[in-house]
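Okay, so here's the structure we're looking at.
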Amino acid sequence: MCEVLVDGHFGYAATADLSMGGLMRAFDRAVATTRSTSVSKVHAFDVRQRPKATGSYRSARERDLDASSLAEITDCLLAASQAMKLSDLLVNRSASAMVVQTQIQ
């Protein structure tokens, strides 16, 4: 999904093609559509409506998952699975752990 601001008007386009060519086609489509519809906009927007986003997030935890041994992780997951056994009517339950590192630009 891309968002553009053209002639004081926001526009959007989406694509499932995440190659550079696919993203450029989506961007060009968003610009063309926005340019053609901006003549009938209700309000003129500017870059102040989209200030630069900054920040960071760190989930609550006692320590990083990658600082734990496999045995500690397994014991924790087994305990979580047991805690989820609230009834014999539960057919399936599972606990899982994963390390995810995300960087968005």
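The values are calculated or read from the model by the stated rules, or taken from the named source; none is laboratory data. No experiment lies behind these values; they were computed from the predicted model shown. No Cβ is skipped: glycine too gets one built from the backbone with ideal geometry, and neighbour counts run over all protein chains shown.
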#### Entry: region 78-98 residues that are more than 28 Å from Asp66 (Cβ to Cβ), paired with ones that are among the hydrophobic types (A, V, I, L, M, F, W, C) (beta carbon under 8 Å, 6 or more apart)
Leu90/Met84
### Task
Would you mention how many residues in region 38-63 are exposed (fewer than 10 other Cβ atoms within 10 Å of the Cβ) and in a loop (DSSP other than H, G, I, E, B)?
17
### Query
What are the residues in region 6-37 that are assigned to a helix (DSSP H, G or I) and either touching a Lys or Arg at 6+ places or on another chain (Cβ under 9 Å) or hydrophobic (A, V, I, L, M, F, W, C) (or both), if any?
Met20, Leu23, Met24, Ala26, Phe27, Ala30, Val31, Ala32
### Query
Does Ser40 satisfy the condition of being out of contact with any Phe, Trp or Tyr (no Cβ under 8 Å at 6 or more places or on another chain) and within 20 Å of His9 (Cα to Cα)?
yes
### Task
Search region 23-43 for residues that are touching a residue at least 40 places away in the same chain (Cβ under 8 Å) and pair each with any residue that is of a type in the set (A, V, I, L, M) when their beta-carbon atoms are under 9 Å apart and the residues are at least 6 apart or on different chains.
none
### Query
Looking only at residues in region 35-90 that are charged (D, E, K, R) and modelled with pLDDT of 85 or more, which one is nearest to the chain's Cα centre (by Cα)?
Arg50
### Query
Does Ile73 satisfy the criteria of being free of Cβ contacts under 8 Å to residues at least 12 places away in the same chain and β-branched (Val, Ile, Thr)?
no
